[in-house]
1. Sorting 102, 67, 122, 31 on the 10 Å Cβ count, fewest up front, what's the list?
2. So how far apart, in nm, are the two label points at residue 77 and residue 132 if each is 7 Å from Cα heading toward Cβ?
3. So what is the relative contact order for region 70-148, in percent, with contacts set as C-alpha pairs under 8 Å and at least six apart?
4. Tell me the relative contact order for the chain as a rounded percent, counting alpha carbon contacts under 8 Å between residues six or more apart.
5. What percentages make up the Cα-Cα pair-distance distribution of the chain when the bins are 10 Å wide from 0?
6. Taking the number of other C-beta atoms within 10 Å as the exposure measure, put 68, 121 in order starting with the fewest.
7. Indicate the gyration tensor shape class of region 1-66 (rounded, prolate or oblate), computed on the Cα atoms with a ≥ b ≥ c the square roots of the eigenvalues: a/c under 1.5 is rounded; otherwise a/b larger than b/c is prolate and the rest oblate.
8. Roughly how many Å is it from the Cα centre of region 96-152 to that of region 19-44, as a whole number?
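Quick note: the coordinates plus some simple rules give every number you see, no bench work behind them. As the structure is a prediction and not an experimental result, all values here were calculated from the model. Cβ sites come from the backbone with ideal geometry, for glycine too, and all protein chains shown count toward neighbours.
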């Protein structure tokens, strides 16, 4: 059974979806904070996400359930391989996923990412260093990259 839980972080409210000790969704949101007691797995998720957003964690140790196409899975594997504090461009990511003709498909896969932060699509930037496209909003993308020490030289928004 899929359960949702919303909690406050230094970046604002975050909603997680869990299902049988697997994290299936993680999004920034504007929902009201849950006042109920989270499950033990949700507590573990909350702890690790909070540590990351406070700059105290660079990797996660959580079981996840990703429901996606084989192409999206390939994109997400490449995105998860981007080290903390580093960025790559959509064009570079497309090359890793089959060639430059896949740039729009790569961008679309990132746009449908339901596990923000864990699949760190905020680390993918425009070829000219411009911060573009992030489901959590460009201000959060900028803040995440600043927190990681990865903000590109050009601090511009599209």
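1. On the way: 102 21, 67 9, 122 28, 31 12.
Final ranking by Cβ density, sparse to dense: 67, 31, 102, 122.
2. 2.7
3. Numbers: 84 pairs, mean separation 26.1, N = 79.
Once normalised by length, the contact order is 33 percent.
4. Values: 230 pairs, mean separation 30.5, N = 158.
Reported as a whole number, the value is 19 percent.
5. 11, 41, 35, 12, 1
6. On the way: 68 16, 121 27.
Fewest to most other Cβ atoms nearby, the residues stand as 68, 121.
7. On the way: a/c = 1.61, a/b = 1.08, b/c = 1.50.
Note, shape of region 1-66 comes out oblate.
8. 23
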